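The values are calculated or read from the model by the stated rules, or taken from the named source; none is laboratory data. These figures come from a predicted structure and were not determined experimentally. All Cβ positions, glycine included, derive from the backbone under ideal geometry; neighbour counts span all protein chains shown. When the accessible area is computed, the model is the full protein with side chains, heavy atoms only, and any ligands, DNA or RNA have been set aside. Shrake-Rupley method; radii C 1.70, N 1.55, O 1.52, S 1.80 Å.
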Amino acid sequence: MLLSIKNLQYLVALKETLHFAKASKKCFVSQSTLSTGIAKLERDLQTVLVERNNKTVTFTSMGNKIVLQARRVIASSDDLINMAMTNFLESEIVVGTIPTISAYLLPDFLKKIEKEFPKLKISFVEDTSENLLKKLKQNQIDFAIFAFPYDLPNGVEGHELFSDSLHLIRHKKRVNHSIDEGQLLLLEQGHCLRSHIMQGYSISNEQISDFSCSSISTLIAMINMDIGISFLPKIALDAGVLSSYPNIVIEPSYMASRGIGVIYKKNNHQAESIKTIANSLLPV
């Protein structure tokens with residue numbers, strides 16, 4: 001059963017005026033229309049809300065309770081209308097991001113957003129690519145900052161912005177630069193950077209170390225102990241992740257890269273606005 005917001009408004013107006021003629025005038029309808037609407041509301045709720053006679057209007061105990069709830073429903077309805085009319089670039093949005101991007105792009109991204117879209121408020125959710133896709137499907141996020149290539153499911157659109165090269169890093173004492181058996185350190189399963197490195201450099205399982213890392217900072221610490229070698233994205237190197245590690249050497253390698261961009265639902269009518277916001281991710 002769906003109740004009419006208009007009939008709830010009639011009931012609230014009658015409560016405020018305690019007079020059918022005054023209430024109908026306040027709602028810009030005829031007295032018969034207002035009376036019929038309230039009668040319909042009583043039928044829908046299967047209860048008496050108003051006791052009527054020729055001179056007075058008296059609300060029942062249940063009627064007073066319904067009026068209180070009706071005011072909340074009307075207010076919520078108004079909020080929904082205002083929300084729908086809000087410019088996406090001046091609204092509050094939730095953006096998903098993967099860990100191998102967030103720490104390196106978000107600071108500059110937010111600075112640009114504050115300058116270009118001062119009324120836009122963004123909160124972030126950091127998670128793996130797989131989990132962000134689930135959150136997007138469940139409308140828990142408006143869009144996600146993503147790394148490509150990625151096999152996106154039906155109903156999800158990807159928009160790539162720029163290429164992020166992957167560079168070999170090693171301890172300076174390590175003479176052999178090749179990826180020998182068990183020498184390649186990678187992030188744990190679930191991080192898309194792991195798959196991008198494996199695909200980009202045709203890595204075999206035999207080359208992967210028995211150790212895995214939960215974060216890039218842990219991976220760097222292990223490289224600094226000369227436990228193995230690995231690859232880091234250019235955005236992380238540009239952010240200075242190795243500034244405190246003078247013993248780690250970057251090998252100039254441009255053989256592989258990943259794409260950086262955003263994903264969103266294909267039926268999202270705010271797709272162009274999302275792309276506009278995403279442009280703030282582009283490096284200067």
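Hey, does segment 199-207 have a residue that's aliphatic (A, V, I, L, M), over 18 Å from residue 234 (Cβ atoms) and at pLDDT 90 or above? Before the answer, list the steps.
Here is the first cut: in segment 199-207, the ones aliphatic (A, V, I, L, M) are 203.
Still in the running and over 18 Å from residue 234 (Cβ atoms): 203.
Keeping just the survivors that are at pLDDT 90 or above gives none.
Scanning segment 199-207, I find no residue that is aliphatic (A, V, I, L, M), over 18 Å from residue 234 (Cβ atoms) and at pLDDT 90 or above, so the answer is no.
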Within segment 182-284, which helices (runs of 4 or more DSSP H) (wholly inside it) include 1 or more residues that are free of Cβ contacts under 8 Å to residues at least 12 places away in the same chain? 192-200, 216-224, 271-278
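Which one is surrounded by the fewest Cβ atoms within 10 Å (Cβ to Cβ), of the residues in segment 226-284 that are of a type in the set (D, E, K, R) and within 24 Å of residue 111 (Cβ to Cβ)? Walk me through how you get there before you give the answer.
Step one: filter segment 226-284 for residues of a type in the set (D, E, K, R), giving 226, 234, 238, 251, 258, 265-266, 272, 275.
Now narrow it down to the ones that are within 24 Å of residue 111 (Cβ to Cβ): 234, 238, 258, 272, 275.
Values: 234: 20, 238: 12, 258: 26, 272: 10, 275: 16.
Residue satisfying both the conditions and the ranking: 272.
Confirm whether residue 193 is of a type in the set (A, V, I, L, M, F, W, C), modelled with pLDDT of 90 or more, open to solvent by less than 40 Å² (accessible area, probe 1.4 Å) and touching a Cys at 6+ places or on another chain (Cβ under 7 Å).
Details: of a type in the set (A, V, I, L, M, F, W, C): yes; modelled with pLDDT of 90 or more: yes; open to solvent by less than 40 Å² (accessible area, probe 1.4 Å): yes; touching a Cys at 6+ places or on another chain (Cβ under 7 Å): no.
It is false that residue 193 is of a type in the set (A, V, I, L, M, F, W, C), modelled with pLDDT of 90 or more, open to solvent by less than 40 Å² (accessible area, probe 1.4 Å) and touching a Cys at 6+ places or on another chain (Cβ under 7 Å).
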Against the conditions (1) assigned by TED's automatic domain parsing to the domain that holds residue 208; (2) assigned to a strand (DSSP E or B); (3) open to solvent by 10 Å² or more (accessible area, probe 1.4 Å), where does residue 157 fall short? Just the number, please. (1)
Considering only residues that are over 15 Å from residue 202 (Cα atoms), touching a residue at least 40 places away in the same chain (Cβ under 8 Å) and in a loop (DSSP other than H, G, I, E, B), which ones fall in segment 169-181? 172, 173, 174, 177
Can you tell me which residue among 125, 73 is at pLDDT 90 or above, touching a helix residue (DSSP H, G or I) at 6+ places or on another chain (Cβ under 7 Å), open to solvent by less than 60 Å² (accessible area, probe 1.4 Å) and within 30 Å of residue 44 (Cα to Cα)? 73
